[in-house]
Each structure stands twice: as C-alpha cells, then as structure tokens.
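Beneath this line is the structure, given in structure tokens, with notes to follow.
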Amino acid sequence: MKRHIIKPRNNWQNRVENIGFNFHSSDVPYWDESVYYEFSMAEIETIESATAELWEMCINAVQHVIDNKLYNQFCIPQWAVPHIEDTWNNDAPSIYGRFDFSFNNGVPKLLEFNADTPTSLFESSVVQWYWLQDFDSNKDQFNSIHEKLVEYWKYLKEYLYDYTLHFTTIKDTVEDLTTTEYLRDCAIQAGLDTKFIFIDEIGWDNDASEFVDVENNSIRNIFKLYPYEWLFNEDFGKNILVDKNKTFWIEPSWKMILSNKAILPILWELYKGHPNLLECYFESEKYLLGFNYVKKPILSREGANIQIVRRGDIIQETSGEYGDEGFIYQEISILPEFDKNYPLIGSWVIGQQPAGIGIRESSDLITGNLSRFVPHLIS
C-alpha cells in the first residue's frame, strides 16, 4: 500500500458534478484527488478474502444473538424483537454493508461494520472509477460495486411485492440524498418501478393500518437510508408491527444487530484470536485490555464519542451526543500513517459478496466527518 501525491484533473469540480457528485467540498474538501493509494493485487486479494470471511462470521453471529436472546446487550427494545426475528427467519435479504478496516503490515483488522445505513457508496462506486478512467484507464480498481448492485436488485425482485419500490431518506442532507438516489438509479437499471419520498412525508393510515405516500398510495416495498435505532425510537416506527401489509423494508431489521458495535465483542467471543478481529469486550470485561484500548459507543456515527486510551491516558477523543446506550472496549489498532495522514479502508459487501473498497483519509487517528475520500488503483 503506497500513497502518491499527484496533480488533480483540470476543472475536476465540473467533472464530478457532471456525474451527480455535488457534495465534493464544503468548508473543507471531501473529495481529494491530489493523492491516491496504490495496492498490489496480493493486498487486494487479502482484503477481499477477509471481507468474505467476516461476512460469514457476522451471519453466524446474528444467529448466535437471536438464539441466545442477547438483545439487551444491543439496547434493542423488546417490542422490536418479533420483527427482527421474523425478517431473519424469512431470510429477508440484505443489499449492502461496509466493513471499516485498519490495514497495517498487510493485515486488515475490523474496526466496525456499517451494516444498516452506510454512506460513501457513490464515491466508492462511480466517482473514483471515473477518476481512474481519466488518470490511467489501463489500470484497475477493486470496484465492481455498480455491477453487483444492479444484479442484486434484479435478484431482489422475487422478494418484493408486486408494487412500486419506494426510496426514502431525510431532508437537507445532500450526501444521504445522493446515496439514496444512486441506489434508486441502480434499481431502475435493474428494471424496478421506483418512487422517491422523504421520510417525514411517509404517512400512516390508521384506519387501513398501512403506510402510505403523499398520494395516499400503499407503501409495500421501501428502501430507507434512515437508522433503525432512530426509527424504532419513534412512535411512528412502532407501526411496523401492526402494518397489515407487512411492508418489505430494505435493509431488513435483522441488520440492527450488525450495525450495532455490540456485535464486535460478540464476534471476538465466537472467533477469539481470528487474524482479522481485534480483541473486544463489553464494560464488564474491559479490564482484560488493561490501560490500552479504544472506547466506542455501541451506537454512534461519524466517529463521535470515541476515546483512544494508551497507558491510561486519553491520546485522542471526539465529542458527540452518543453513549447513553453503553460502550464497548476494543484493542487499539492505529491506522497506517503516511505523512500524518491516516487512511481507513471501507470494504463493501453487495449482495453477500465483496465488491470493492473506498478510502477515507483523516489527519487524526479517529476518522470523523471531516475525513477526505481519496481514490485508489491496483498496480
């Protein structure tokens, strides 16, 4: 893995905007093509293999949580359990997820799994691919995300009701809207009939006991870029249990288990010593890590409320609004450093298959919402 400094393309802002990437910059740059990372094919194969194996381990871990009724460790409300178990027992399929890896000495280590509402999908799939075509079209990327998305939407047809597939997210977030519309575009390419609706426009018809859109049409299939822990924390979300149509939700609610950092100590318990896992515990066993650990809320986003503790001293921490649900304690795995830049590898699973990577680079040890997305290629 090597980091290269290069000259950005002329008029790159227009180039990325022409393909629908409109949040490339804010107060700080987000898309950064003044650098790229180079991987050997052997490194890519290692990441791909780890991604496939970790996915299988995660599926086994979900079964373990369900069999042993460990929902309290995940702060999952008991009223939501029947829906979670129903989607699991009926094999409700998952379309995507993103493992976040540190990658030191050629070994990917799992930091966390963004399993419910991962973003940076469009950047990983389309934006960096177009960059590569301009930079060096003879090179390759670990990137079959788009093709796998279209194919998996085709596969999902047999699971969906014979109704429109709605797509939803929150207002006023360009990144989430872009991700949602990109997934919708892939579904359209797969031949699905789709419709977009903001999540606060979704209605509940109390008399008919069904979700409806702004035209009062039944919502029978829906992709949501909206976390289940938010949805199930709202009175509106509880209608899922009394919905007469049993609306097909993507992602399925069993992904609540994998999107929660409580899955990390469960994975360590089940696969202790696995080379792609970091030692990890709940609060009651944090002493096993001594005075060196990373403290993470079981529910958090954008690197919020994380502490890195070494020899008992906090060497870096982030603020935020998370932590009330509890914390996990993870072995330290510092990201590789390139001139005080720290790259985090996001490895995508599309339709249960490894599909590509995206790299977010930060000037801090903790990757937060000011990190930069940078492209990669295979040498």
Q.
Just the residues that are out of contact with any Gly (no Cβ under 9 Å at 6 or more places or on another chain), buried (at least 18 other Cβ atoms within 10 Å of the Cβ) and not aliphatic (A, V, I, L, M), please, taken from the range 244-261.
A. Thr247, Phe248, Trp249, Pro252, Ser253, Trp254, Asn260, Lys261
**Q.** the range 10-25 residues that are assigned by TED's automatic domain parsing to the domain that holds Ser120, paired with ones that are of a type in the set (Gly, Ala, Ser) (beta carbon under 7 Å, 6 or more apart)
**A.** none
(Q) What's the number of the only condition in (1) surrounded by fewer than 18 Cβ atoms within 10 Å (Cβ to Cβ); (2) modelled with pLDDT of 95 or more; (3) of a type outside the set (A, V, I, L, M) that Asn14 fails to meet? (A) (2)
Q: Sort out which residues of the range 118-149 are more than 23 Å from Ser25 (Cα to Cα) and surrounded by fewer than 18 Cβ atoms within 10 Å (Cβ to Cβ), and write them in order of number.
A: Asp136, Ser137, Asn138, Lys139, Asp140, Ser144, Glu147
Q | Single unsatisfied condition, Phe23 versus (1) closer than 30 Å to Leu277 by Cβ; (2) within 21 Å of the chain's Cα centre (by Cα) | A | (1)
Q. How many residues does the range 87-111 contain that are of a type in the set (Asp, Glu) and either farther than 27 Å from Thr180 by Cα or in contact (Cβ under 8 Å) with a residue 12 or more places away in the chain (or both)?
A. 1
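A quick yes/no check of all residues on (1) modelled with pLDDT of 95 or more; (2) assigned to a loop (DSSP other than H, G, I, E, B); (3) under 24 Å from Arg360 (Cα atoms); (4) not assigned by TED's automatic domain parsing to the domain that holds Pro227:
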{"residue": "Gln128", "(1), (2), (3), (4)": "yes, no, yes, no"}
{"residue": "Asp134", "(1), (2), (3), (4)": "yes, no, yes, no"}
{"residue": "Lys148", "(1), (2), (3), (4)": "yes, no, yes, no"}
{"residue": "Tyr152", "(1), (2), (3), (4)": "yes, no, no, no"}
{"residue": "Leu160", "(1), (2), (3), (4)": "yes, yes, no, no"}
{"residue": "Thr168", "(1), (2), (3), (4)": "yes, no, no, no"}
{"residue": "Asp172", "(1), (2), (3), (4)": "no, yes, yes, no"}
**Q.** Exclusive hit being assigned to a helix (DSSP H, G or I) and under 21 Å from Pro108 (Cβ atoms), set Leu267, Leu278
**A.** Leu267
Q) Taking the range 89-117 only, how many residues are surrounded by fewer than 16 Cβ atoms within 10 Å (Cβ to Cβ) and within 20 Å of Leu267 (Cα to Cα)? A) 1
Q. Which one of Leu264, Leu299 is within 21 Å of Asp100 (Cα to Cα) and in contact with a helix residue (DSSP H, G or I) (Cβ under 6 Å, 6 or more places away or on another chain)?
A. Leu299
Q: Could you list, in sequence order, all residues of the range 188-221 that are in a loop (DSSP other than H, G, I, E, B) and over 29 Å from Val150 (Cβ atoms)?
A: Asn206, Asp207, Ala208, Ser209, Asn216
Q) Pick from the range 332-368 the residues that are among the hydroxyl-bearing types (Ser, Thr, Tyr) and assigned to a strand (DSSP E or B): which of them is surrounded by the most Cβ atoms within 10 Å (Cβ to Cβ)? A) Ser347
Q: Kindly indicate the residue of the range 317-331 that is part of a loop (DSSP other than H, G, I, E, B), in contact with a strand residue (DSSP E or B) (Cβ under 7 Å, 6 or more places away or on another chain) and of a type outside the set (Gly, Ala, Ser) and also farthest from Glu302 (Cα to Cα) among those meeting that condition.
A: Glu331
Q: Check Met256 against each of (1) under 18 Å from Val349 (Cα atoms); (2) modelled with pLDDT under 95 and name the one condition it does not meet.
A: (2)
Q) Looking only at the range 305-316, which residues are within 20 Å of Ser363 (Cβ to Cβ) and either out of contact with any strand residue (DSSP E or B) (no Cβ under 8 Å at 6 or more places or on another chain) or surrounded by 18 or more Cβ atoms within 10 Å (Cβ to Cβ) (or both)? A) Asn305, Ile306, Ile308, Arg310
Q. In the list Lys238, Lys244, Lys224, Lys295, which residue meets the criterion of being closer than 30 Å to Asp67 by Cβ and assigned to a loop (DSSP other than H, G, I, E, B)?
A. Lys244
Q: With the checklist (1) in contact (Cβ under 8 Å) with a residue 40 or more places away in the chain; (2) more than 14 Å from Tyr71 (Cα to Cα) in hand, flag the one item Ile266 doesn't pass.
A: (2)
(Q) Pairs please, first residue from the range 36-64 and more than 25 Å from Ser362 (Cβ to Cβ) and assigned by TED's automatic domain parsing to the domain that holds Asn341, second anywhere and surrounded by fewer than 16 Cβ atoms within 10 Å (Cβ to Cβ) and small (Gly, Ala, Ser), Cβ atoms under 9 Å, 6+ apart in sequence or on different chains. (A) Met41/Ser379; Ala42/Gly106
Q) Which pairs do you get when a residue that is in contact (Cβ under 8 Å) with a residue 12 or more places away in the chain, found in the range 282-309, comes within reach of a residue that is among the acidic types (Asp, Glu) and part of a helix (DSSP H, G or I), reach meaning Cβ atoms under 6 angstrom, with the pair 6+ apart or on two chains? A) Leu299/Glu229
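The values are calculated or read from the model by the stated rules, or taken from the named source; none is laboratory data. Model, not experiment: these values are computed from the prediction. For neighbour counting, all protein chains shown are included, and Cβ atoms are generated from backbone atoms with ideal geometry for every residue, glycine included.
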